[in-house]
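Rule-based calculations on the coordinates, nothing more; no lab input. All of these numbers come straight from a predicted model, not from anything done at the bench. Backbone-built Cβ (ideal geometry, glycine too); neighbour counts: all protein chains shown.
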Amino acid sequence: MPHPVLTGEYEIICDEKKRILVPIEVRRAIPLEFGESFYCFRGVNRVWWLYPEKVYENLHMNEPGEMIPSEEMLAFNQMVFGMASRLPWDKQGRVLLPERIFRDESMTRELTLVGVRDHLEIWSRAAWEDRRAELESRALEIFLQGKKARQNPPSVVPTPPAVQ
C-alpha cells in the first residue's frame, strides 16, 4: 500500500498546553488505515519529524532485527525508536507535543508544519523562513541535483548468503 504524500506549508500556533492543531488538509491526506497518530523524533536535519503511524511502522517492518546489532545499528535504533514518541491526535485534530521539543531555545510557539513527502517537519516559523529563502536561492542547483539523483539511483549491492 503506497503511503500518503504530505505536502505544503502550514503556519500554526502551539497553544499553552503545547498542542498543535494538525491542519484539516493534512489529516484528510492521511487515510484512516494509516492510523490516527504520528511518531515524532528528531530528524537528520535536527528538526522534529512527524511520521503517520503506519508509514513509520511500515518503514521499519522490513528491517531484520538482530540480537547483537552493530554499534551503528544500535545508535540508529536508539535514535529512531528509543527517542521517538507516539502522538495520537484528539477529535479536534490536536496533537500534544513532547516537552523536549521546547528545550531547543530556537523553538517558539509560532511554528510552521512542512510536508516532506512521507513525513511532516515542525519548524520554528523564523527558522523555516530562513530555510525557505535558502532553498529558493538554490532552486536551480537543487532541481538539477534531484534530476541527477533520479537518473542515477544508488545501486543495491546484494548481500552474500551467510555461510553455515
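A few points about this structure:
- Restricting Glu121, Glu134 to those that are acidic (Asp, Glu) and part of a helix (DSSP H, G or I) reduces the list to Glu134.
- Test: residue in region 89-99 that is out of contact with any strand residue (DSSP E or B) (no Cβ under 9 Å at 6 or more places or on another chain) and either part of a helix (DSSP H, G or I) or closer than 19 Å to Leu6 by Cβ (or both): yes
Okay, residues lined up against (1) within 18 Å of Thr112 (Cα to Cα); (2) buried (at least 18 other Cβ atoms within 10 Å of the Cβ); (3) aliphatic (A, V, I, L, M):
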site	(1), (2), (3)
Pro31	no, no, no
Trp49	yes, yes, no
Pro52	yes, yes, no
Val55	no, yes, yes
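- Residue pairs meeting the criteria (Cβ under 6 Å; at least 6 apart or on separate chains; first under 19 Å from Tyr10 (Cα atoms), in region 24-49; second part of a helix (DSSP H, G or I) and among the hydrophobic types (A, V, I, L, M, F, W, C)): Trp48/Ile101
- Residue satisfying all of: in region 82-104; touching a residue at least 40 places away in the same chain (Cβ under 8 Å) and basic (Lys, Arg); surrounded by the most Cβ atoms within 10 Å (Cβ to Cβ) among these: Arg94
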